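J.: Next up is a structure, given as C-alpha coordinates.
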Amino acid sequence: MARRPVIAGNWKMYKLLGEAVETALALKPLVANANHCEIVIAPVYTALKTVADRLEGSNIKVAAQNCSTETKFSARTGEISADMIKDVGCAHVIIGHSERRQFFGETDESVNQKTKAALHSGLTAIVCVGETLDERESGNAEQIVKSQLVNGTDGLTVSDMERIIIAYEPVWAIGTGKTATPEQAQEMHGFIRQIIAEAHSEETAKNIRILYGGSVKPENINDLMNESDIDGALVGGASLEAESFAKIVNYR
Ligand code: PEP
(Lines give C-alpha, C1' and ligand atoms only; values in the text may rest on other atoms or scores of the structure.)
Protein backbone atom coordinates (compact mmCIF):
# COMPACT_ATOMS: atom_id res chain seq x y z
CA MET A 1 0.00 0.00 0.00
CA ALA A 2 1.35 3.44 -0.93
CA ARG A 3 2.26 5.66 1.99
CA ARG A 4 -0.11 8.63 2.19
CA PRO A 5 1.91 11.85 2.57
CA VAL A 6 1.44 14.03 5.64
CA ILE A 7 2.03 17.78 5.67
CA ALA A 8 2.04 19.07 9.25
CA GLY A 9 2.44 22.61 10.53
CA ASN A 10 3.97 23.28 13.94
CA TRP A 11 2.87 26.70 15.16
CA LYS A 12 5.14 26.51 18.23
CA MET A 13 4.43 29.28 20.80
CA TYR A 14 3.00 31.65 18.22
CA LYS A 15 -0.51 33.08 17.76
CA LEU A 16 -3.12 34.13 20.30
CA LEU A 17 -6.44 32.34 20.07
CA GLY A 18 -7.99 34.80 17.60
CA GLU A 19 -4.96 34.63 15.30
CA ALA A 20 -4.91 30.84 15.42
CA VAL A 21 -8.57 30.65 14.43
CA GLU A 22 -8.05 33.25 11.71
CA THR A 23 -5.14 31.32 10.18
CA ALA A 24 -6.96 27.99 10.42
CA LEU A 25 -10.06 29.43 8.73
CA ALA A 26 -7.96 31.09 6.02
CA LEU A 27 -6.22 27.76 5.37
CA LYS A 28 -9.42 25.74 5.04
CA PRO A 29 -10.53 26.83 1.54
CA LEU A 30 -6.94 26.95 0.26
CA VAL A 31 -6.43 23.23 0.91
CA ALA A 32 -10.00 22.00 0.48
CA ASN A 33 -9.10 20.09 -2.71
CA ALA A 34 -5.89 18.55 -1.40
CA ASN A 35 -6.82 14.89 -1.37
CA HIS A 36 -3.29 13.63 -1.95
CA CYS A 37 -2.13 14.11 1.64
CA GLU A 38 -3.12 14.35 5.28
CA ILE A 39 -3.01 17.90 6.61
CA VAL A 40 -2.25 18.60 10.25
CA ILE A 41 -1.78 21.85 12.16
CA ALA A 42 -0.45 22.13 15.71
CA PRO A 43 -1.53 25.32 17.50
CA VAL A 44 -0.76 26.07 21.17
CA TYR A 45 -2.74 24.18 23.82
CA THR A 46 -5.03 27.12 24.55
CA ALA A 47 -6.24 27.24 20.94
CA LEU A 48 -6.70 23.50 20.37
CA LYS A 49 -10.37 23.15 21.23
CA THR A 50 -11.56 26.23 19.36
CA VAL A 51 -9.46 25.48 16.28
CA ALA A 52 -10.55 21.82 16.27
CA ASP A 53 -14.21 22.86 16.58
CA ARG A 54 -13.91 25.39 13.77
CA LEU A 55 -12.22 22.80 11.49
CA GLU A 56 -14.67 20.01 12.20
CA GLY A 57 -15.72 18.28 8.98
CA SER A 58 -12.76 19.71 7.06
CA ASN A 59 -9.69 17.82 5.79
CA ILE A 60 -7.41 19.51 8.35
CA LYS A 61 -6.58 17.64 11.55
CA VAL A 62 -5.38 19.26 14.73
CA ALA A 63 -2.36 18.22 16.79
CA ALA A 64 -0.94 19.20 20.17
CA GLN A 65 2.78 19.97 20.40
CA ASN A 66 3.46 17.85 23.48
CA CYS A 67 1.71 15.71 26.09
CA SER A 68 2.37 14.41 29.57
CA THR A 69 4.04 11.08 30.28
CA GLU A 70 1.24 10.49 32.78
CA THR A 71 -1.91 8.79 31.54
CA LYS A 72 -4.10 9.09 34.65
CA PHE A 73 -5.65 12.08 36.40
CA SER A 74 -2.89 12.98 38.81
CA ALA A 75 -1.20 15.76 40.75
CA ARG A 76 0.99 17.08 37.92
CA THR A 77 0.56 20.85 37.99
CA GLY A 78 0.82 22.40 34.54
CA GLU A 79 0.69 19.12 32.63
CA ILE A 80 -1.81 18.09 29.93
CA SER A 81 -2.49 14.42 29.32
CA ALA A 82 -2.99 12.70 25.98
CA ASP A 83 -6.59 11.92 26.99
CA MET A 84 -7.20 15.65 27.47
CA ILE A 85 -5.75 16.36 24.03
CA LYS A 86 -7.96 13.72 22.46
CA ASP A 87 -10.92 15.08 24.43
CA VAL A 88 -10.70 18.52 22.77
CA GLY A 89 -10.76 17.07 19.27
CA CYS A 90 -7.14 16.42 18.36
CA ALA A 91 -6.06 13.42 16.31
CA HIS A 92 -2.27 13.83 16.61
CA VAL A 93 0.42 14.95 19.01
CA ILE A 94 4.00 15.96 18.25
CA ILE A 95 6.46 14.25 20.60
CA GLY A 96 10.14 14.93 21.24
CA HIS A 97 10.53 18.06 19.12
CA SER A 98 14.14 19.25 19.35
CA GLU A 99 13.01 22.42 21.15
CA ARG A 100 11.46 20.21 23.85
CA ARG A 101 14.68 18.19 24.02
CA GLN A 102 16.82 21.34 24.13
CA PHE A 103 14.82 23.61 26.47
CA PHE A 104 12.70 21.23 28.54
CA GLY A 105 14.97 18.26 29.18
CA GLU A 106 13.04 15.84 26.99
CA THR A 107 14.91 12.53 26.79
CA ASP A 108 14.50 9.42 24.66
CA GLU A 109 12.93 7.82 27.73
CA SER A 110 10.30 10.56 28.14
CA VAL A 111 9.69 10.48 24.38
CA ASN A 112 9.03 6.75 24.71
CA GLN A 113 6.63 7.25 27.64
CA LYS A 114 4.80 10.09 25.90
CA THR A 115 4.51 8.10 22.68
CA LYS A 116 2.95 5.22 24.62
CA ALA A 117 0.63 7.65 26.42
CA ALA A 118 -0.45 9.17 23.09
CA LEU A 119 -1.15 5.78 21.52
CA HIS A 120 -3.01 4.66 24.64
CA SER A 121 -5.36 7.64 24.16
CA GLY A 122 -5.92 6.86 20.49
CA LEU A 123 -3.78 9.71 19.16
CA THR A 124 -1.30 9.42 16.31
CA ALA A 125 2.17 10.32 17.61
CA ILE A 126 4.51 12.35 15.41
CA VAL A 127 7.85 11.38 16.94
CA CYS A 128 10.72 13.76 16.17
CA VAL A 129 14.36 12.75 15.84
CA GLY A 130 17.39 14.60 14.52
CA GLU A 131 21.01 15.45 15.14
CA THR A 132 22.62 18.77 16.06
CA LEU A 133 25.24 20.46 13.89
CA ASP A 134 28.04 19.27 16.23
CA GLU A 135 26.77 15.72 16.03
CA ARG A 136 26.66 15.86 12.24
CA GLU A 137 30.08 17.47 11.91
CA SER A 138 31.64 14.93 14.24
CA GLY A 139 30.23 12.09 12.11
CA ASN A 140 27.73 10.95 14.75
CA ALA A 141 24.46 11.88 13.05
CA GLU A 142 23.39 8.32 12.25
CA GLN A 143 24.32 7.03 15.68
CA ILE A 144 22.28 9.76 17.40
CA VAL A 145 19.25 9.29 15.17
CA LYS A 146 19.47 5.52 15.65
CA SER A 147 19.48 5.75 19.44
CA GLN A 148 16.64 8.33 19.44
CA LEU A 149 14.60 6.00 17.23
CA VAL A 150 15.36 2.72 18.94
CA ASN A 151 14.88 4.10 22.46
CA GLY A 152 11.95 6.30 21.52
CA THR A 153 10.00 3.40 20.00
CA ASP A 154 11.16 0.73 22.46
CA GLY A 155 8.42 -1.73 23.41
CA LEU A 156 5.95 -0.56 20.75
CA THR A 157 3.95 -3.33 19.12
CA VAL A 158 3.36 -3.78 15.41
CA SER A 159 -0.05 -2.10 15.70
CA ASP A 160 1.45 0.74 17.79
CA MET A 161 3.98 1.35 15.04
CA GLU A 162 1.13 1.69 12.54
CA ARG A 163 -0.03 4.73 14.49
CA ILE A 164 3.20 6.61 14.67
CA ILE A 165 4.81 8.95 12.20
CA ILE A 166 8.51 9.77 12.36
CA ALA A 167 9.72 13.32 11.71
CA TYR A 168 13.40 13.61 10.86
CA GLU A 169 14.38 17.15 11.77
CA PRO A 170 18.08 17.94 11.70
CA VAL A 171 18.41 20.53 14.47
CA TRP A 172 20.78 22.63 12.37
CA ALA A 173 18.06 23.08 9.75
CA ILE A 174 15.25 24.16 12.09
CA GLY A 175 14.39 27.84 11.82
CA THR A 176 17.79 28.57 10.26
CA GLY A 177 16.81 28.79 6.61
CA LYS A 178 19.40 26.05 6.03
CA THR A 179 17.53 23.06 4.58
CA ALA A 180 19.12 19.66 4.29
CA THR A 181 19.53 18.95 0.60
CA PRO A 182 17.00 16.45 -0.74
CA GLU A 183 19.92 13.99 -1.05
CA GLN A 184 21.01 14.49 2.58
CA ALA A 185 17.42 14.10 3.77
CA GLN A 186 16.84 11.03 1.60
CA GLU A 187 20.01 9.42 2.91
CA MET A 188 18.86 9.78 6.52
CA HIS A 189 15.28 8.74 5.72
CA GLY A 190 16.59 5.57 4.06
CA PHE A 191 18.73 4.93 7.14
CA ILE A 192 15.73 5.48 9.45
CA ARG A 193 13.70 2.93 7.46
CA GLN A 194 16.56 0.45 7.77
CA ILE A 195 16.75 0.97 11.57
CA ILE A 196 13.01 0.47 11.89
CA ALA A 197 13.28 -2.74 9.86
CA GLU A 198 15.95 -4.02 12.27
CA ALA A 199 14.25 -2.82 15.47
CA HIS A 200 10.68 -3.70 14.44
CA SER A 201 9.99 -5.38 11.09
CA GLU A 202 10.44 -4.99 7.33
CA GLU A 203 6.69 -4.52 6.99
CA THR A 204 6.63 -1.73 9.58
CA ALA A 205 9.58 -0.05 7.89
CA LYS A 206 7.86 -0.21 4.53
CA ASN A 207 4.62 1.32 5.83
CA ILE A 208 5.76 3.96 8.30
CA ARG A 209 5.59 7.61 7.19
CA ILE A 210 8.80 9.57 7.64
CA LEU A 211 8.47 13.36 7.40
CA TYR A 212 11.30 15.80 6.85
CA GLY A 213 11.45 19.00 8.90
CA GLY A 214 13.88 21.91 8.76
CA SER A 215 13.25 25.13 6.82
CA VAL A 216 10.71 23.57 4.46
CA LYS A 217 9.22 26.24 2.20
CA PRO A 218 7.02 26.40 -0.90
CA GLU A 219 10.27 26.67 -2.94
CA ASN A 220 11.86 23.43 -1.71
CA ILE A 221 8.94 21.09 -0.92
CA ASN A 222 8.77 19.64 -4.43
CA ASP A 223 12.36 18.49 -4.56
CA LEU A 224 12.07 16.98 -1.08
CA MET A 225 8.84 15.15 -1.95
CA ASN A 226 10.48 13.68 -5.05
CA GLU A 227 12.73 11.57 -2.84
CA SER A 228 11.50 8.01 -2.40
CA ASP A 229 11.68 7.84 1.41
CA ILE A 230 10.32 11.31 2.18
CA ASP A 231 6.62 11.01 2.97
CA GLY A 232 5.82 14.56 3.93
CA ALA A 233 6.99 17.50 5.97
CA LEU A 234 6.83 18.98 9.44
CA VAL A 235 6.87 22.71 8.85
CA GLY A 236 7.56 25.45 11.40
CA GLY A 237 8.00 29.04 10.15
CA ALA A 238 6.36 28.56 6.75
CA SER A 239 3.23 27.08 8.36
CA LEU A 240 2.39 30.29 10.23
CA GLU A 241 0.89 31.99 7.17
CA ALA A 242 -2.06 30.22 5.56
CA GLU A 243 -0.90 31.07 2.03
CA SER A 244 2.62 29.68 2.35
CA PHE A 245 1.46 26.57 4.22
CA ALA A 246 -1.21 25.98 1.57
CA LYS A 247 1.45 26.17 -1.14
CA ILE A 248 3.41 23.47 0.70
CA VAL A 249 0.31 21.31 1.09
CA ASN A 250 -0.50 21.79 -2.62
CA TYR A 251 3.05 20.91 -3.64
CA ARG A 252 1.91 19.01 -6.68
C1 PEP B 1 9.95 22.80 13.25
O2 PEP B 1 9.76 23.60 14.15
O3 PEP B 1 9.60 21.63 13.41
C4 PEP B 1 10.58 23.26 12.02
C5 PEP B 1 10.94 22.37 11.13
O6 PEP B 1 10.75 24.62 11.89
P7 PEP B 1 11.17 25.41 10.54
O8 PEP B 1 10.31 24.87 9.43
O9 PEP B 1 10.89 26.84 10.85
O10 PEP B 1 12.62 25.12 10.31
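J.: Find, to one decimal place in angstroms, the Kirkwood hydrodynamic radius of the chain, where the mean of 1/r is taken over every pair of different Cα atoms and then inverted.
T.: The answer is 17.9 Å.
J.: Now, a different point. Please list log₁₀ I(q)/I(0) at q = 0.14, 0.17, 0.20 Å⁻¹ for the stretch 7-84, using the Debye equation with identical point scatterers on the alpha-carbon positions.
T.: Values returned for q = 0.14, 0.17, 0.20 Å⁻¹ are -0.49, -0.68, -0.87.
J.: So how much accessible area does Ser74 have, in Å² to the nearest 10, using a 1.4 Å probe?
T.: Here the accessible area works out near 60 Å².
J.: Given the options Val216, Ala167, Pro29, identify the residue whose Cα lies farthest towards the positive end of the charge dipole of the stretch 6-249 (+1 on Cβ of Lys, Arg; -1 on Cβ of Asp, Glu).
T.: Toward the positive end, the furthest listed residue is Pro29.
J.: Restricting to DSSP H runs of at least four residues, report the calculated mean residue ellipticity at 222 nm for the chain, -39500 (n - 2.57) per run over all residues, nearest 500 deg cm²/dmol.
T.: -12000 deg cm²/dmol
J.: Ok, one more. Just read off the accessible area of Arg3 with the full protein assembly in place, 1.4 Å probe, to the nearest 10 Å².
T.: 70
J.: Sticking with this structure for a sec: What's the center-to-center distance, using Cα atoms, between the stretch 194-237 and the stretch 43-75 in Å?
T.: If you average the Cα positions of each part, the centres end up 23 Å apart.
J.: I'd like the accessible area for Met84: 1.4 Å probe, protein heavy atoms, all chains in place, Å² to the nearest 10.
T.: Counting only protein heavy atoms, Met84 exposes about 80 Å² to solvent.
J.: Let me ask another. Kirkwood hydrodynamic radius of the stretch 39-186 from all distinct Cα pairs, in Å?
T.: The answer is 16.0 Å.
J.: Right, next: Which whole-number value in Å² is the accessible area per residue of the stretch 77-196, probe 1.4 Å?
T.: Spelled out: the 1.4 Å probe surface of the stretch 77-196, per residue, equals 44 Å².
J.: Using only the Cα atoms of the stretch 134-193, what semi-axes does the equivalent ellipsoid have when each is the square root of 5 times a gyration tensor eigenvalue? Give whole Å, largest first.
T.: Here the semi-axes work out to 23, 13, 10 Å.
J.: Whenever you get a sec, compute what percent of the accessible area on the chain sits on carbon and sulfur atoms (1.4 Å probe).
T.: 50
J.: How far apart, in nm, are the 7 Å Cα→Cβ label points at Phe103 and Phe73?
T.: Between Phe103 and Phe73, the label points sit 3.2 nm apart.
J.: Counting DSSP beta bridges in the chain, what percent are antiparallel, to the nearest 5?
T.: 0
J.: Roughly how far apart, in whole Å, are the Cα centres of the stretch 154-177 and the stretch 79-107?
T.: Going from one Cα centre to the other spans 13 Å.
J.: Here's something else I'd like to know. Leaving ligands, DNA and RNA out of it, rank Val127, Val158 by accessible area with a 1.4 Å probe, largest first.
T.: Largest to smallest exposure gives the sequence Val158, Val127.
J.: Further question on the same structure: Of Asp223, Asp231, which has the most accessible area and how do the rest follow, probe 1.4 Å?
T.: Asp223, Asp231
J.: Which pairs, out of Lys114/Lys178; Lys116/Lys206; Lys72/Lys146; Lys86/Lys114, put more than 25 Å between their alpha-carbon atoms?
T.: The pairs that break the limit, which is 25 Å between Cα atoms, are Lys114/Lys178; Lys72/Lys146.
The values are calculated or read from the model by the stated rules, or taken from the named source; none is laboratory data. Computed from a predicted structure; not experimentally measured. Here the Cβ is made from the backbone with ideal geometry for all residues, glycine too, and neighbour counts use every protein chain on show. Accessible surface areas use protein heavy atoms only, side chains included; no ligands, DNA or RNA. Shrake-Rupley method; radii C 1.70, N 1.55, O 1.52, S 1.80 Å.
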